[in-house]
Amino acid sequence: MSQVSPIDSVEHDSDVVFDNIGMTFGTASGVTHAVANVSGAIPEGKFVSVIGPSGCGKSTLLDMVGGLLKPTQGSVSINGESVTGPRRDTAMVFQEDSTLHWRTVLDNVAFGLEVKGLPKAERHERARRMIELVGLTGFEDHRPGQLSGGMKQRVAIARALAMEPRVLLMDEPFGALDQQTRQFIGRELLRIWEKTRNRVLFITHDIQEAVYLSDEVWVMSARPSVVKEVVTIDLPRPRPEGTHALPRFRELEDHLWALVKVEAEKTLGPGARLA
Amino acid sequence: MTVQEKTSSVQSQQRTPLVSRAALVRWVIILALVAVLEFTTRTGMISQSLMVPPSEILTRLASIVPTEQFGQDAARTLTTILVAFSIGLVLGIPLGVFLWRVPAAGRILEPFIVTGYAMPTLLFYPVLLALMGLNAGPIIVIAASMSLIPIALTTMVALNAIKPILHKLANSVSASPRQYYLKVLFPAATPLIFPGVKLGFIYAVIGTVAMEFILASQGVGFRAGFYYRELNTADMWAYIAVVIVLSVLVNSVLTWLEKRIRRDML
Ligand SMILES: Nc1ncnc2c1ncn2[C@@H]1O[C@H](COP(=O)(O)OP(=O)(O)OP(=O)(O)O)[C@@H](O)[C@H]1O
Ligand SMILES: [Mg+2]
């Protein structure tokens, strides 16, 4: 197939490698080709964002990397090992609210560490640090029912970060946040990431956010989806607040916008206007 | 923070008088009913062969409760209820989990279980008596099977109602099956299972007292039935009053527990 890009020698064992993966859902109402022939790699220490029209298979892609879904075609490998199920060195932030409503914020954030078997004192200490990072200090003993949607999402982010994963998979983690909180948490995430330099696969529909955070932005096509273009974000790091105003930032943003628009029109029909 | 504390204290300030007012009205209704009963039985509007005045029930109770026989009857009835309910829990919850885990089994077995729910299980009582003899055994079997059904059904429904994202989360952090059940499934399902457990307890009480009433050698229900057949209305009502008090007590304990669980979980 022409879309298959052969895995070349630039890729390493430590990468997250997508080898021509695809996912087809069979349901009562027929088959959905959610993802078709996605190839590529997230190199060690790189931040990759994925953008694409709604329903193109971004969450499906993430679930396959996280080992929650088995691809119907091809395979994903991390550190040279094929992904057959959830891995201990991977953490996920889901698109929907995934907080445990009977646990306090502290115990929600510590949940992943608790499952890993960390002693209480240690996991609470780590959880407290993450709670501070996501700006929820003072809410440790609250339950999710007492939090806003954006706060719950920050709990989920803190839970994933607390696990100190080598591969961090985030599905529109800032979707429920307002613009200011979004930028604040985005900067915090970058700050943490500059220190850990783990591999991040980040799904968003916010083009600015993708450019600001990433080393590469993958633009997915409408279903059946492929990675239509990989845009390298060659902005220097660290990226201070003024980064958004750089001419190069604008250029990249415009380029991505044009790519996304074509795909969105395919999904929504010609003449559809983007919000 | 402070604003939140303020609003919650305002809410609770508003809520408490409402709750106590409802409780007050409830007590007034109960006392009024008792007064009406007292009046209608004393004046003969209700025949004393059907119902004796509440004051007389009280004096009967005062002489019955201290006796050794009453102690034995009450102990027998309580242990029978507890054993039946425990069996209902121990079998009902795993059955509910099984029906949820194996949806095909759920689809096949559900009609049977619902039929079991609707069927007057007491019809099997004579058969069980013949098989097991006149002891607590047959009563436990019937009361336990009555108790098990609502527990199993609500367990299945509660587990089915858990958001798929929680399964995804447990899976993504590589939770072991044990962790999955103890840290995710049961806490998530408990508030929904609890009404079924409560119903299961009530069924255990009904099953036990009703079977004792029909035929037994001991127990509060047996004693009520015994005096009924002896046309001793006053003592029959004294034992009925014991059952009523028992049900109210158990129900309020369960309601209190349910509230606690809900508060901790929601
Ligand atoms: N479990 C499933 N069974 C059947 N079809 C599914 C399932 N999960 C997803 N799909 C289908 O696969 C396609 C991709 O879904 P996915 O959730 O990956 O999209 P997405 O890109 O994350 O969209 P959004 O941006 O709206 O979150 C959709 O058409 C969806 O209907
Ligand atoms: Mg999605």
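The values are calculated or read from the model by the stated rules, or taken from the named source; none is laboratory data. No experiment lies behind these values; they were computed from the predicted model shown. With ideal geometry, Cβ positions are generated from the backbone for all residues, glycine too; neighbour counts draw on all protein chains shown.
From B:L266, B:L169, B:L254, which residue is modelled with pLDDT under 90 and within 13 Å of chain A (Cβ to nearest Cβ)? Full working, then the answer.
Values: B:L169 fails: modelled with pLDDT under 90; B:L254 fails: within 13 Å of chain A (Cβ to nearest Cβ).
After applying the criteria, what remains is B:L266.
Just the residues that are of a type in the set (K, R), over 19 Å from B:F186 (Cα atoms) and crowded, with 18+ Cβ neighbours inside 10 Å, please, taken from the stretch A:83-120.
A:R87
I need a count of the residues in the stretch A:168-219 that are within 14 Å of chain B (Cβ to nearest Cβ) and more than 16 Å from ligand 1 (Cβ to nearest atom).
Total meeting the criteria: 1.
Restricting attention to the stretch A:33-41, does a residue exist that is within 13 Å of ligand 2 (Cβ to nearest atom), more than 22 Å from A:P165 (Cβ to Cβ) and either assigned to a strand (DSSP E or B) or touching a helix residue (DSSP H, G or I) at 6+ places or on another chain (Cβ under 7 Å) (or both)?
Keep residues of the stretch A:33-41 that are within 13 Å of ligand 2 (Cβ to nearest atom), which gives A:34-35.
Now narrow it down to the ones that are more than 22 Å from A:P165 (Cβ to Cβ): A:34-35.
Retained after the next criterion (residues that are either assigned to a strand (DSSP E or B) or touching a helix residue (DSSP H, G or I) at 6+ places or on another chain (Cβ under 7 Å) (or both)): A:34-35.
Checked against the condition, which is being within 13 Å of ligand 2 (Cβ to nearest atom), more than 22 Å from A:P165 (Cβ to Cβ) and either assigned to a strand (DSSP E or B) or touching a helix residue (DSSP H, G or I) at 6+ places or on another chain (Cβ under 7 Å) (or both), the stretch A:33-41 yields at least one hit.
For B:K183, indicate whether it is charged (D, E, K, R) and within 14 Å of chain A (Cβ to nearest Cβ).
Against the criterion (charged (D, E, K, R) and within 14 Å of chain A (Cβ to nearest Cβ)), B:K183 qualifies.
Of the numbered conditions (1) more than 13 Å from chain B (Cβ to nearest Cβ); (2) among the β-branched types (V, I, T); (3) under 28 Å from A:E44 (Cα atoms), A:V105 fails exactly one; give the number of that condition.
Answer for A:V105: the failing condition is (3).
Within the set of pairs 6+ apart or on separate chains, which have a first residue in the stretch A:53-80 that is within 14 Å of another protein chain (Cβ to nearest Cβ) and within 12 Å of ligand 1 (Cβ to nearest atom), a second that is basic (K, R) and part of a helix (DSSP H, G or I), and C-beta atoms under 9 Å apart?
What qualifies is A:D63/B:K168; A:L68/B:K168.
For the stretch A:191-226, how many residues meet the condition of being away from ligand 2 (no atom under 16 Å from the Cβ), modelled with pLDDT of 90 or more and not polar (S, T, N, Q)?
Of the residues in that region, 9 qualify.
Take the residues in the stretch A:81-99 that are assigned to a strand (DSSP E or B) and within 17 Å of A:V200 (Cβ to Cβ), then tell me which one is nearest to the other protein chains (Cβ to nearest Cβ). Before the answer, list the steps.
Filtering the stretch A:81-99 down to residues assigned to a strand (DSSP E or B) leaves A:81-82, A:90-93.
Narrowing the set further to residues that are within 17 Å of A:V200 (Cβ to Cβ) leaves A:90-93.
Details: A:T90: 8, A:A91: 7, A:M92: 4, A:V93: 9 Å.
Checked the stretch A:81-99; the qualifying residue nearest to the other protein chains (Cβ to nearest Cβ) is A:M92.
Output the residues belonging to the stretch A:43-86 that are modelled with pLDDT of 90 or more, of a type in the set (D, E, K, R) and within 19 Å of A:W193 (Cα to Cα).
A:K46
Would you confirm whether any residue within the stretch B:189-202 is in a helix (DSSP H, G or I) and either on the phi > 0 side of the Ramachandran plot or over 18 Å from the mean Cα position of the chain (by Cα) (or both)?
Here is the first cut: in the stretch B:189-202, the residues in a helix (DSSP H, G or I) are B:189-202.
Add one more test, that the residue is either on the phi > 0 side of the Ramachandran plot or over 18 Å from the mean Cα position of the chain (by Cα) (or both), and what stays is B:189.
Within the stretch B:189-202, one or more residues are in a helix (DSSP H, G or I) and either on the phi > 0 side of the Ramachandran plot or over 18 Å from the mean Cα position of the chain (by Cα) (or both).
Any idea which residue in the stretch A:95-149 is nearest to the chain's Cα centre (by Cα), counting only those that are acidic (D, E) and closer than 20 Å to B:I165 by Cβ?
So the residue we want is A:E96.
Mind counting the residues in the stretch B:90-105 that are within 18 Å of B:K198 (Cβ to Cβ) and modelled with pLDDT under 90?
So the answer is 0.
Residues to consider are A:R154, A:R159; find the one that is under 20 Å from the mean Cα position of the chain (by Cα), closer than 30 Å to A:A41 by Cα, buried (at least 22 other Cβ atoms within 10 Å of the Cβ) and at pLDDT 95 or above.
A:R159
Hey, does the stretch B:148-167 have a residue that's assigned to a loop (DSSP other than H, G, I, E, B), within 30 Å of B:P53 (Cβ to Cβ) and among the aliphatic types (A, V, I, L, M)? Can you show your working first?
Applying the first criterion (assigned to a loop (DSSP other than H, G, I, E, B)) to the stretch B:148-167 yields B:161-163.
Okay, now just the ones that are also within 30 Å of B:P53 (Cβ to Cβ), so none.
Within the stretch B:148-167, not a single residue is assigned to a loop (DSSP other than H, G, I, E, B), within 30 Å of B:P53 (Cβ to Cβ) and among the aliphatic types (A, V, I, L, M).
Could you please give the count of residues in the stretch B:37-53 that are touching an Asp or Glu at 6+ places or on another chain (Cβ under 6 Å) and on the phi > 0 side of the Ramachandran plot?
So the count comes out to 0.
Report, ordered by the first and then the second residue, all pairs with beta carbons closer than 7 Å, sequence separation of six or more or different chains, a first member in the stretch A:23-40 that is more than 8 Å from ligand 1 (Cβ to nearest atom), and a second member that is at pLDDT below 85 and in a loop (DSSP other than H, G, I, E, B).
Taking only residues 6 or more apart or on different chains, the pairs are A:H33/A:R223; A:H33/A:P224; A:A36/A:P224; A:N37/A:M1; A:N37/A:Q3; A:N37/A:V4; A:S39/A:V4; A:S39/A:S5.
Tell me yes or no: at least one residue of the stretch B:99-110 is buried (at least 18 other Cβ atoms within 10 Å of the Cβ) and in a helix (DSSP H, G or I). Steps first, answer last, please.
We begin by selecting, within the stretch B:99-110, every residue buried (at least 18 other Cβ atoms within 10 Å of the Cβ); these are B:99-100.
Cutting the leftovers down to in a helix (DSSP H, G or I) gives us B:99-100.
Checked the stretch B:99-110: at least one residue is buried (at least 18 other Cβ atoms within 10 Å of the Cβ) and in a helix (DSSP H, G or I).
Which ones in the stretch A:48-78 are closer than 16 Å to B:S172 by Cβ, of a type outside the set (S, T, N, Q) and within 16 Å of ligand 2 (Cβ to nearest atom)?
Answer for the stretch A:48-78, where residues must be closer than 16 Å to B:S172 by Cβ, of a type outside the set (S, T, N, Q) and within 16 Å of ligand 2 (Cβ to nearest atom): A:L61, A:L62, A:D63, A:M64, A:V65, A:G66, A:L68, A:L69.
Taking into account only those residues within the stretch A:79-108 that are hydrophobic (A, V, I, L, M, F, W, C) and within 24 Å of A:K58 (Cβ to Cβ), which is nearest to ligand 2 (Cβ to nearest atom)?
Ranking the candidates gives A:F94 first.
If you check A:K120, A:K116, A:K152, which single one turns out to be farther than 30 Å from A:F25 by Cβ and within 13 Å of another protein chain (Cβ to nearest Cβ)?
A:K116
I'd like to know if the stretch B:48-57 contains one or more residues that are without any contact (Cβ under 8 Å) to a residue 12 or more places away in the chain, part of a helix (DSSP H, G or I) and acidic (D, E).
No: zero hits.
Looking at the stretch B:201-210, is at least one residue within 14 Å of chain A (Cβ to nearest Cβ) and crowded, with 19+ Cβ neighbours inside 10 Å?
No, the stretch B:201-210 has no match at all.
What are the residues in the stretch B:116-174 that are on the phi < 0 side of the Ramachandran plot and of a type in the set (S, T, N, Q), if any?
Selection gives B:T121, B:N135, B:S145, B:S147, B:T154, B:T155, B:N160, B:N171, B:S172.
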